[in-house]
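The values are calculated or read from the model by the stated rules, or taken from the named source; none is laboratory data. All values reported here derive from a predicted model rather than from experimental measurement. When we count neighbours, we look across all protein chains shown, and the Cβ atoms used for this are built from the backbone with ideal geometry, even at glycine. For accessibility, only protein heavy atoms count, side chains too; no ligands or nucleic acids. Shrake-Rupley method; radii C 1.70, N 1.55, O 1.52, S 1.80 Å.
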Amino acid sequence: PVVIEDRITVPSWVQDLESFRRWAKSDEFPEFGRFSFLDGEIWVDLSMEQLFTHNDVKTQYTMLLGSLSQAQSQGRYFSDGALLSHLEANLSTEPDGLFVSYESIQQARLRLIEGATEGYVELEGSADMTLEVVSRTSTRKDGRLLRELYWRAHVAEYWLVDARTELQFDILGWTTKGYRKVKPAHG
């Protein structure tokens with residue numbers, strides 16, 4: 001096993017995407033921290049979120065996008081804590097937020113995975129949008145690793161927000177050659 005900061009133990013049997021997903025849905029999975037499987041790399045962040053440059057930013061997007069999703073009845077917005085996995089991209093992570101259209105579920109681009117004892121606990125496939133809010137400890141993960149893996153997972157839009165200094169908000173649209181910044185309409 002791998003022990004991190006004497007607080008978290010990643011079991012030795014967690015070796016690949018399948019075993020990571022099994023661990024993430026087990027009672028052994030830690031209740032504290034953020035864990036991702038990023039194309040063979042287990043990424044762990046035990047730092048606390050900054051209130052104003054991370055947590056509040058996520059909250060604002062969740063309120064707005066959750067309300068819009070509900071009002072327009074085109075899909076569901078899931079806030080922090082929804083497990084998204086994509087087999088071909090070798091990815092399992094909990095974005096800061098994600099949107100899934102009902103059309104994506106109906107056309108089987110994304111499946112809802114049931115938990116062992118109740119409800120749904122995971123989304124498998126291509127989300128329509130993922131949101132990541134950059135923090136001091138997630139710069140490489142959000143800016144490089146997830147940008148590549150979400151693209152490989154055919155996530156249609158990757159929203160990347162960095163509020164640590166001056167607010168930077170990029171909507172990245174999927175193309176066959178990688179993500180491209182979406183130019184704002186009407187300024």
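Leaving out ligands, DNA and RNA but keeping every protein chain, what accessible area does residue 25 have, in Å² rounded to the nearest 10, with a 1.4 Å probe?
90 Å²
Which of the listed residues, 11, 68, 42, is farthest toward the dipole's positive end in the range 1-82, when Lys, Arg count +1 and Asp, Glu count -1 at the beta-carbon?
68
What figure in square angstrom, to the nearest 10, would you give for the accessible area of residue 4 with a 1.4 Å probe?
The accessible area comes out at roughly 40 Å².
With every protein chain kept in the model, how would you rank 37, 169 by accessible area, 1.4 Å probe, largest at the top?
Values: 37 5, 169 85 Å².
The ordering from most to least exposed comes out as 169, 37.
Of 29, 20, which has the most accessible area and how do the rest follow, probe 1.4 Å?
29, 20
Can you tell me the relative contact order of the chain? Whole percent, Cα pairs under 8 Å, sequence separation 6 or more.
Answer for the chain is 15 percent.
Output ³J(HN,Hα) for the range 39-54: one whole-Hz value per residue in order, computed from phi by the Karplus curve 6.51 cos²θ - 1.76 cosθ + 1.60 with θ = phi - 60°, and x for Gly and Pro.
6, x, 9, 8, 9, 10, 9, 9, 6, 7, 6, 6, 5, 8, 9, 9
Quick one: what do you get for the range 85-187 if you divide its Cα Rg by 2.2 N^0.38 Å? It would help to have the intermediate numbers written out before the result.
Details: Rg = 14.4 Å, N = 103, 2.2 N^0.38 = 12.8 Å.
The value comes to 1.13.
Under a 1.4 angstrom probe, counting protein chains only, how are 12, 126 ranked by accessible area, largest first? Each step should come with its number before you reach the end.
Details: 12 70, 126 20 Å².
Descending accessible area places them as 12, 126.
To the nearest 10 square angstrom, how much accessible area does residue 109 have with a 1.4 angstrom probe?
Its heavy atoms expose roughly 100 Å² to the probe.
The range 150-179 to the range 1-68: how many Å between their Cα centroids?
The range 150-179 and the range 1-68 have Cα centres spaced 20 Å from each other.
In the range 123-187, what percent of the accessible surface is made up of carbon and sulfur (1.4 Å probe, ligands and nucleic acids excluded)?
That share works out to 53 percent.
Got a sec to turn the phi values of the range 168-185 into Karplus ³J(HN,Hα) couplings, 6.51 cos²θ - 1.76 cosθ + 1.60 with θ = phi - 60°, whole Hz, x for Gly and Pro?
Along the range 168-185, the couplings run 10, 10, 10, 9, 9, x, 6, 10, 5, 10, x, 6, 10, 5, 7, 7, x, 7 Hz.
If packing is taken as the mean number of other Cβ atoms within 10 Å per residue, what is the order of 48-55, 95-102, highest first?
The packing order, highest mean first, is 95-102, 48-55.
Compute the Rg/Rh shape ratio of the chain: radius of gyration over Kirkwood radius, all on alpha-carbon atoms.
With Rh from the inverse mean 1/r over Cα pairs, Rg/Rh is 0.95.
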